[in-house]
Structure formats: structure tokens, C-alpha cells
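Undergrad: The structure under discussion is supplied below as C-alpha cells; questions concerning it will follow.
Derivation of every value follows stated rules applied to the coordinates shown; laboratory data play no part. Everything quoted here is computed from the prediction, not taken from an experiment. So basically every Cβ, Gly included, is an ideal-geometry build from the backbone, and we count neighbours across all protein chains shown.
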Amino acid sequence: MSVALSPRQETIPAIYQEIHPPLDSARAVLEADRCLECGGPYAPAPCTAACPARVPVPQFIRAIREGRPEEAAKLIFEANILGGSCARVCPVEELCEGACVLTKEGRRAVSIGRLQRYATDVALARQLNFFARPAWKPQSVGVIGAGPAGLACAAELAKMGYDVVVYESRPEPGGLITSAIAPYKQLKDPLPAEVAMIERLGVKIHYGVTVGKDISFEELERRHQAIFLGVGLGADASARIPGEDLHGVWDSLEFVEQIKSGRPPKIGPIVAVIGGGNTAIDVAREAVRLGATNVMVLYRRTEEQMPAFKHEVKAARREGVHFYFLTAPVRLLGNGKVRKIECIHMRLGAPDKSGRPAPEPVPGTEFTLEVDTVIKAIGQEKRVELWKALGLETEGGLVTVNENFQTNREKYFAGGDCINGGATVVEAVRHGKLAAQGIAKFLAKG
């Protein structure tokens, strides 16, 4: 369903215009009427099964169709405390909408994400309170990191009656939702309203507090009977090539964060993005919105091996982004300011540790591209030293947990990017919920 931009949307600069603007109530009811309400007592609907947070999609859509958006929002937030944010940033094409049975008939999937946004926007605008504060339990839980995993864990524990304190090093919550999600998906809202809802549950959030610096882990262990690690990954990884320090070379996280802070970086007309994940696609599409006329994505493997979602790659192509596959940068050239990027063609060799054919350079195939701006989006560093200092078992630099999201140190639990290397926001929410259940089991043992 195409929706014309509202007058307000038309006045917003292109870099901040949403790719999926909201539905009004009339369009929401019309769209909800398309849902077949699949599923039953013995099996969930395919859309619900495809949602990591297990949002009851047919039930909330029925509530919208019957004119009860507040009840729809209650169903959503009970399953996903960040349901409004996830409605904007989830790859619904790969999850709920990708599983919609209408697509099996060659028809357009129900716009589940936009319907979820409609319902949650109504509830948050009215500051509805869906959760009663239960009787408090004596135990306290410390949560490190106010990203999606930490917030979901904190909310779930608070709903069970535990005293929960969140420690966040940044001045605001959200983690990568706030700093690294492309603004054409979500700028900031509705996260502040969702966090306020979590705080009304009794969760206390301390901002500007870096655990290990402003407060020790030993002190946290004295204050709390369990600790959840939702700290995510570290800074952007280095490309490890000469010229990375030239002016005009950006790390992807810093690039997106500047846009979201209202200080868009100045870029030239020719932009090269190094990487093949979803962040690489995000920054490429942002570069187009910033006015670049030639945006190139350089990826060392084939298109089939790109970790980026296929629908995102297609969208980038429609917006004019060019892709160079089996291409790796060798060095960045310029006199203080980046002017060229030297690359080499790659070929696929024997499988590496990931099981995928490893890219190998083809000697004698070097070539040079003129550029004005280079953005590195090749992943984030893992917090290996932190996990080592805490005595946590790891694999590949990621924290190892059991089925209850408990680490080898029984008091410590973990979830989100620090255990899976980076995935979707809704997957982090799922981890936070499951870890909260694991923590409750642990605390119940006394």
C-alpha cells in the first residue's frame, strides 16, 4: 500500500525522511482487513513463528481491524517491550512479512510492521500503562548496557518483581538503535517513550556510568545477586590498509551517529563503502541521501555470500548504489585527503573457519578508483580483553552461554551482540527476555 508523504514529511530533509511513513487509522483498518488470521490452538501463525519476540500478529491485527488499537498495542508490548522501535527497524521482509501466507499466492504480504507501528504509536502517544508493578522480590539484578537486550531483560525482570538497575556508559539509552540505525528507518522516536514505560515498571537507569571505570565489577557483584551483560560489541574494526588516517575516511558507526545527531558529515560526490553487511548498505543509502552521485559498495566475496539482507541490497540498487563484488581494497591514496582507492580482484579458494570459500587476491589485477569519501563498514571489534578480565569463557571473541543465557560464572548472564556477533534488534530483545527467565530460575534457587 503506497502512502503519500504528509506535509510534515515533505518538509523533512531527505536524509531523515522515513522509508515507511506511518499509516493513519483508516488505512490501518483497511490493511488489517487483509489479514487471514492464520494459526490456531495447535500451531502459531507463520508470521508469529517467524518473529523472534513471538508477537501474536493475527491477534493484534484483529484488534486494529475492530477499532481497538490500544488492545493491539498491549498484545505487542507484552511480547516485545520495544515493539514500537522494532516496528520501524525490523527486517520484516525476512521475518513476519516474509512468512505471510498471502505471498504463497503471489499476493502482497500484510504490512505487519506498519500496523505494529500504528498500534504502538497510538498507545505511546496516550502514555498508556499496560503493566502493573508487582510485589517486589528481595533480590536485585544489575544490567550492563541500555541497548535492546539490556532494556528487554530489565523490563522482563521488573515485570516479575525484581529490583533492576541498568548501567549505561552513554548519556542516553538505546545502544545501536540510537547511534547506528539508519535515520531513514528510525531517528529517535519512539524509543524515549518506550524507555519511560520501562522506567514506570520501577527500573532505574544510570547514564554516563562505565562499569569497570566509574564502578567496579566487584562493587556490582556486592550490590546485585545477578548481572546481565548487554554491552554489545566495540568500535568499528580497522580495514588494516595504508591510508586509513586520511581525511574523508569514515568509520561507519561514527558516520551514522553524526547524521543522527543532526550534524551530517560533508561528503564528496564519489563515495566508496567497504563491506557487505547491513551496515554497509545503510551507509551507502545514507550517502545517496547526502547527495553523492556515485556510491560504490566494495565486497570481497560474491553477492550470494553477502550477509546483508537481499531486500536491502535490492533497495540500494534501486537508489543507484553500484556494487563491486570479489573486490578488496589494498590501500587508500591522497595527500592528506583521500583521493583514490586501490583495489584488487579476488577469487574464492578453499573454505575458511566459517565454512565459506575464502577470498584470495588475484595477482596482477590491481586497479584504482577515484573517490572523495570512503566509509569502512567491515564489522566491530570484539571486547576480548573485557571478557578475559572477567574470566568469561568465549568462542571467537564472543561470550559463551548455556540454554539459560548463563555464562561460566554463574552470577553473570549475557545476550545480544556480545554473544552472536551482531544481529537484529528483535533478536537482541529475544535474548534479553530469555536471559531474564534464566536469571529468575537462578535466583529462585536462593
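Undergrad: Based on the mean of other Cβ atoms within 10 Å per residue, sort peptides 221-228, 346-353 so the most packed one is first.
TA: Descending mean neighbour count gives 221-228, 346-353.
Undergrad: Given C-alpha coordinates of the stretch 1-123, what is the ratio Rg to Rh with the Kirkwood estimate of Rh? Intermediate results must be reported in sequence, preceding the final value.
TA: On the way: Rg = 14.1 Å, Rh = 14.6 Å.
My calculation of the ratio gives 0.96.
Undergrad: On to the next question. Measure up 159/445; 266/314; 382/445 against 30 Å on the Cα-Cα distance and list the ones that go over.
TA: 382/445
Undergrad: With +1 on each Lys and Arg Cβ and -1 on each Asp and Glu Cβ, how big is the dipole of the chain about its Cα centre, in debye rounded to the nearest 20?
TA: With Lys and Arg at +1 and Asp and Glu at -1, about 440 debye.
Undergrad: Another question, if that's okay. Using only alpha-carbon positions, what ratio does the radius of gyration of the stretch 250-307 give when scaled by 2.2 N^0.38 Å?
TA: Taking N as the residue count of the stretch 250-307, the ratio is 1.12.
Undergrad: All other residues with a Cβ under 14 Å from the Cβ of residue 102 taken together, and with Lys, Arg as +1 and Asp, Glu as -1, what is their net charge? Don't skip to the answer; put the middle values down first.
TA: Values: positive: 34, 104, 107, 108; negative: 31, 33, 37, 93, 97, 105.
Net charge in that neighbourhood comes out at -2.
Undergrad: Could you tell me the ratio Rg/Rh of the stretch 348-393? Both radii from Cα atoms, Rh via Kirkwood.
TA: A ratio of 1.17.
Undergrad: State the answer as a single residue: which of 202, 140, 426 lies farthest towards the positive end of the charge dipole of the chain, with beta carbon charges of +1 for Lys and Arg and -1 for Asp and Glu, about the Cα centre.
TA: In the chain, that residue is 202.
Undergrad: Something else now. Can you say what percent of the DSSP beta bridges in the chain, counting only those with both residues inside, are antiparallel? Round to 5.
TA: If we restrict to bridges inside the chain, about 35 percent are antiparallel.
Undergrad: Another question, if that's okay. How large is the dipole of the stretch 321-417 about the Cα centre if only Lys and Arg carry +1 and Asp and Glu carry -1, each at its Cβ, rounded to the nearest 20 debye?
TA: Numbers: 13 positive and 13 negative charges, 48 e Å.
Around 220 debye, computed over the stretch 321-417.
Undergrad: Output the Cα-based Rg and Dmax of the stretch 70-185 in Å, rounding Rg to one decimal and Dmax to a whole number.
TA: 16.5, 55
Undergrad: Can I ask one more? Normalised by the residues of the chain, what does the relative contact order come to in percent, with Cα pairs under 8 Å and at least six apart?
TA: Over the chain, the number comes to 16 percent.
Undergrad: When the chain is modelled as a GNM with alpha-carbon springs shorter than 10 Å, which of 375, 341, 215 fluctuates the most?
TA: Among 375, 341, 215, the largest GNM mean-square fluctuation belongs to 215.
Undergrad: To continue, here is another question. For residue 411, list the aspartates and glutamates whose Cα falls under 19 Å from its own Cα; do not include residues on the same chain fewer than 8 positions away.
TA: 156, 163, 218, 219, 221, 393, 403
Undergrad: Can you tell me the Rg and the Dmax, both Å, for the Cα atoms in the stretch 203-298?
TA: Over the stretch 203-298's Cα set, Rg and Dmax evaluate to 18.5, 56 Å.
Undergrad: With the radius of gyration and the Kirkwood radius both derived from the Cα set of the stretch 337-446, what is their ratio Rg to Rh?
TA: That ratio is 1.17, to two decimals.
Undergrad: Next question. If you project the alpha carbons of the chain onto their three principal axes, what span does each projection cover, largest first, in Å?
TA: Rounded to whole Å, the extents work out to 69, 55, 42 Å.
Undergrad: May I ask which residue of 275, 321, 371 lies farthest towards the positive end of the charge dipole of the stretch 249-376, with charges of +1 (Lys, Arg) and -1 (Asp, Glu) on Cβ and the Cα centre as origin?
TA: 321
Undergrad: So who's got an amide H within less than 5 Å of the one on residue 215, skipping anything under 5 residues away but keeping other chains? H placed 1.01 Å off N, in plane.
TA: Under 5 Å from the amide H of residue 215: 210.
Undergrad: Cα centroid distance between the stretch 213-291 and the stretch 25-45, in Å?
TA: With the stretch 213-291 and the stretch 25-45 each reduced to a Cα centre, they are spaced 38 Å.
Undergrad: Please report 51, 418 as a ranked list, fewest other C-beta atoms within 10 angstrom at the top and most at the bottom.
TA: On the way: 51 25, 418 30.
Starting with the residue having the fewest Cβ neighbours, the order is 51, 418.
Undergrad: Report for the stretch 249-376 the percent antiparallel among DSSP-assigned beta bridges with both residues inside it, nearest 5. Could the numbers behind the result be given before it?
TA: Details: 15 of 30 bridges.
Counting only bridges with both partners in the stretch 249-376, antiparallel ones make up about 50 percent.
Undergrad: Toward the positive end of the charge dipole of the stretch 1-150, about the Cα centre and with charges on Cβ (Lys, Arg +1; Asp, Glu -1), which of 102, 21, 47 goes farthest?
TA: 47
Undergrad: Further question on the same structure: Kindly point out which whole DSSP H helices in the chain project their C-alpha atoms 24 angstrom or further along the helix axis while averaging a Kyte-Doolittle hydropathy of -0.5 or above.
TA: Sorted by number, the helices that extend far enough and score high enough are 425-444.
Undergrad: Which number do you get for Rg(Cα) / (2.2 N^0.38 Å) in the stretch 249-376?
TA: Relative to the rule-of-thumb radius for its length, the stretch 249-376 sits at 1.05.
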